[in-house]
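Visitor: One structure follows; several queries about it will come next.
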Amino acid sequence: IDGNKALNYSVQATGADIINKAIGPVQKGLKALGGYMLMQVHDDLTCSVPLDKVPETMRLMRKHMEQTITLNGHAMKFPVDFSIGFNWGRKEEVKHESEIPSLLQKITTAESTLADTLRLRTGNKHR
């Protein structure tokens with residue numbers, strides 16, 4: 001195995017460890033916010049939450065998923081990115097919490113029927 005493959009494996013395995021540790025507290029927090037987890041795929045979590053709970057949900061997920069890990073003697077930050085939408089075809093990336101009101105307006109305006117929950121997807125940027 002060359003060095004790049006070995007390092008990439010370590011990063012991906014660490015991402016998996018982080019998400020596996022985060023799932024329990026995130027599920028508990030989602031339930032308290034009136035939401036639920038839909039699925040996990042590799043280092044992504046997708047959940048359904050009430051529209052008015054999106055900012056709190058993002059803070060919850062960031063708290064449990066965004067960590068600094070020491071890997072092979074190097075401190076690595078595993079930042080979390082978010083996208084929101086009512087379905088997979090219409091997701092909007094959330095770069096900062098202050099964007100949420102305008103993104104929600106954009107998303108709900110584009111939908112022909114307004115749902116009361118939306119899909120929030122998060123994942124580690126380092127893949």
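The values are calculated or read from the model by the stated rules, or taken from the named source; none is laboratory data. What you see is a predicted model; the values in this text were computed from it and never measured. Every residue, glycine among them, receives a Cβ derived from its backbone with ideal geometry; neighbour counts consider all protein chains shown.
Visitor: Which pairs have Cβ atoms under 8 Å, sit 6 or more apart or on different chains, and link a residue in region 41-61 that is closer than 12 Å to K31 by Cα to one that is part of a strand (DSSP E or B) and aromatic (F, W, Y)?
Guide: C47/Y36; S48/Y36
Visitor: Here's something else I'd like to know. Among the numbered criteria (1) at positive phi; (2) at pLDDT below 75, which single criterion is violated by T122?
Guide: Unmet for T122, out of (1) at positive phi; (2) at pLDDT below 75: (1).
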